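The next block holds one structure in the form of structure tokens; read it before the comments.
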Amino acid sequence: MGQSAPQARSTPPTLRARLRPPLWAQWVISLTVAIIAIVLLVRFVDANSTPSAQAPHLTAKGIKSLNDEAEILDAEQQAPHLVSFGARLAPIAAIERAIAAYMNQQINFAQIGGPLHQTLCFPVPGAHAPALAYRCSALARATSYEFEGVVDSVARTVTYCRHNPPPNPGDNVPVSRRCAG
């Protein structure tokens, strides 16, 4: 007699296989968990990156103290600087060199991100000789720093001030009269 081929036995599914959800449900569960994790992460980062979360120990007195320090630093940065220059140097070149030297010093002492790319000055209309007023801009690492200055061609001096933007756009923070011409 001929032997017949052995019949395949079907094994009963294991408990693990019976409890596994279908493939579409596995996808839905995975995506739901991922979305919940992303939402929780965004909420956590948002809650912990506000200024009050970064410095929760500051009281109103501490905030006032920091603001006072910022005003002092701003006043120091906007203080007039006086530089002498040689007889052969044109007034516009003198103020551009003086501002470039100041900017390079700030970059060297890590007060400003460098390098310095360019310093340009333009005469202010209506200025009278010997004191010529200029508005200048120094470009360092894609940031423009504004300056105002006066070149006295008789005394061969440059007086310039850095002009920081006001903390509130509508405010007017004047520079020293010595720099305004």
Exercise. Name the residue, out of Ala70, Ala133, Ala79, Ala155, that is more than 20 Å from Pro174 (Cα to Cα) and out of contact with any Lys or Arg (no Cβ under 6 Å at 6 or more places or on another chain).
Key: Ala155
Practice problem: Filter the range 145-175 for residues that are farther than 20 Å from Gln111 by Cα, buried (at least 21 other Cβ atoms within 10 Å of the Cβ) and not β-branched (Val, Ile, Thr) and give the result. | Solution: Gly149
Practice problem: Kindly indicate the residue of the range 101-118 that is aliphatic (A, V, I, L, M) and at pLDDT below 90 and also surrounded by the fewest Cβ atoms within 10 Å (Cβ to Cβ) among those meeting that condition. | Solution: Ala110
Practice problem: Being part of a strand (DSSP E or B), within 33 Å of the chain's Cα centre (by Cα) and among the small types (Gly, Ala, Ser) is the filter here, so list the residues in the range 125-164 that pass it. | Solution: Ala133, Ser137, Ala138, Ala140, Ser144, Gly149
Quiz prompt | Complete set of residues in the range 1-48 that are assigned to a helix (DSSP H, G or I), surrounded by 10 or more Cβ atoms within 10 Å (Cβ to Cβ) and at pLDDT below 85 | solution = Asp46
Quiz item: In this structure, does Ala70 turn out to be over 29 Å from the mean Cα position of the chain (by Cα) and either among the small types (Gly, Ala, Ser) or assigned to a loop (DSSP other than H, G, I, E, B) (or both)?
Solution: no
Quiz item: How many residues does the range 165-181 contain that are in contact with a strand residue (DSSP E or B) (Cβ under 6 Å, 6 or more places away or on another chain) and in a loop (DSSP other than H, G, I, E, B)?
Solution: 3
Quiz item: So which of Ala98, Ala131, Ala94, Ala142 ends up being surrounded by fewer than 16 Cβ atoms within 10 Å (Cβ to Cβ) and of a type in the set (A, V, I, L, M, F, W, C)?
Solution: Ala142
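The values are calculated or read from the model by the stated rules, or taken from the named source; none is laboratory data. Please read these numbers as outputs of a predicted model, since none were measured by experiment. As a convention, Cβ positions derive from the backbone with ideal geometry for all residues, glycine included, and neighbour counts pool all protein chains shown.
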